[in-house]
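Each remark here refers to the structure printed beneath this line.
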Amino acid sequence: MDLNLIPVVLVDSMISKDEMKHGTTTVGIVTKEGVVVAAEKRATMGYLIAHKAVTKVIPITDSIAMTTAGMVGDAQMLAKYLKAEIELYETRKNKKITVKAAATLLANILYSNRFSMFPFYVQLLLAGKDDTGYHLFSLGPDGSNIEDKYVSTGSGSVMAYGVLEDKYKDGLSLKEAIVIAARAIRAAMARDIASGGGIDVYTITEKGISKVPKEEIDKIVK
């Protein structure tokens with residue numbers, strides 16, 4: 001597994017759970033043509049910028065992707081769990097898993113660990129396409145699992161939601177959603193100290209998971 005694909009807020013092993021600093025901004029938007037997911041690229045450790053160019057969108061299958069905010073170890077383990085469980089499911093059932101079933105599976109993993117000494121400190125988006133259409137789910141460390149048309153996670157989500165609430169409308173095109181997602185992340189980067197380093201935007205369509213070229217995103221945010 002390519003560790004460069006693992007998102008995150010890095011945390012020093014000497015810092016207690018109560019002292020951990022969490023930061024990230026991710027956005028997801030469902031359209032009639034596909035799903036758009038976006039995230040900034042900064043990884044923090046307390047007030048230290050640990051990395052400036054991390055990727056916080058993880059492909060889980062060829063049509064499902066996950067974004068995360070939270071601890072690196074938890075994100076790594078959950079990505080491994082989910083990929084393995086989906087492969088097992090698809091082998092046993094001899095069919096592709098739906099996005100809802102994948103979200104339920106992930107929620108069950110989160111919920112089953114919520115009362116342990118070390119619960120998963122993450123906030124996730126799971127987005128994808130299946131035979132029923134395009135879907136977007138937000139999941140919390142308590143196992144909560146909610147489907148929505150647009151959502152943001154992380155410390156910069158307050159700023160991102162300002163853009164999403166103002167610009168989202170039913171019937172958005174994929175291109176419109178890409179613009180909104182990029183501008184929502186940019187708004188968070190302008191005010192949230194834990195968000196920065198650049199913007200990654202991905203689309204999930206009939207053709208699979210694709211990254212929007214950096215040049216296109218640069219034009220949007222400028």
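As an exercise, identify the chymotrypsin sites (Phe, Trp or Tyr not before Pro) in the stretch 78-154 lying in DSSP coil whose Cβ has no more than 14 other Cβ atoms within 10 Å.
Working: sites: TYR81, TYR89, TYR111, PHE115, PHE120, TYR121, TYR134, PHE137, TYR150; in loops: PHE115, PHE120, TYR121.
Within the stretch 78-154, the qualifying chymotrypsin sites (Phe, Trp or Tyr not before Pro) (loop, at most 14 other Cβ atoms within 10 Å) are PHE115.
Could you calculate the contour length gain from TYR89 to ALA53, that is, 0.36 nm times the residue separation minus the distance between their Cα atoms, to one decimal place in nm?
Values: separation 36, 0.36 × 36 = 12.96 nm, distance 3.37 nm.
Answer, rounded to one decimal: 9.6 nm.
Distance between the modelled labels on ASP170 and SER144, one decimal in nanometres: 2.6 nm (7 Å Cα→Cβ projection). Listed values for the stretch 162-168 are Karplus-derived 3J(HN,Hα) couplings in whole Hz (6.51 cos²θ - 1.76 cosθ + 1.60, θ = phi - 60°), namely x, 6, 4, 5, 7, 9, 5, and x replaces Gly and Pro. Length gained on full extension, THR98 to LYS207: 37.6 nm, using 0.36 nm per residue less the C-alpha separation.
In the stretch 78-114, what trypsin sites (Lys or Arg not before Pro) fall in a loop by DSSP, with at most 13 other Cβ atoms inside 10 Å? Don't jump to the answer; show the numbers that get you there.
Values: sites: LYS80, LYS83, ARG92, LYS93, LYS95, LYS96, LYS100, ARG114; in loops: LYS95, LYS96, ARG114.
Passing sites in the stretch 78-114 are LYS95, ARG114.
Converting phi to 3J(HN,Hα) with the Karplus coefficients 6.51, -1.76 and 1.60 and the offset θ = phi - 60°, the stretch 196-209 yields x, x, x, 10, 10, 10, 10, 10, 10, 9, 4, 8, x, 9 Hz in sequence order, with x at every glycine or proline.
Report the far tail of the P(r) of the stretch 100-157, meaning the percent of Cα-Cα pairs longer than 19 Å. I get 31 percent for the Cα pairs in the stretch 100-157 exceeding 19 Å. Here is the link list: LYS41/LYS169; LYS52/LYS149; LYS95/LYS167; LYS52/LYS219. Which ones come out longer than 32 Å on Cα distance? Over 32 Å apart, Cα to Cα: LYS95/LYS167. Rounded, prolate or oblate: which fits the chain when a ≥ b ≥ c are the square roots of the eigenvalues of the alpha-carbon gyration tensor, with rounded for a/c under 1.5 and prolate only if a/b beats b/c? Here the chain falls in the oblate category.
With an 8 Å Cα cut-off and a minimum separation of 6 or more residues, compute the relative contact order for the chain in percent. Contact order relative to length: 28 percent.
GNM on the chain, alpha-carbon springs under 10 angstrom: the most fluctuating residue among ALA38, ALA53, ALA65 is ALA53. Please work out the Cα center distance from the stretch 20-51 to the stretch 133-160, rounded to the nearest Å. Cα centroid to Cα centroid, the span is 12 Å. Extension gain for VAL221 to PHE118 (0.36 nm times residue separation, less C-alpha to C-alpha distance): 33.2 nm.
Here, each number is a calculation from the coordinates, and none is a lab measurement. Since the structure is predicted, the reported quantities are computational estimates derived from the model, not experimental observations. Quick reminder, even Gly has a Cβ in these numbers, built from the backbone with ideal geometry, and neighbours come from all protein chains shown.
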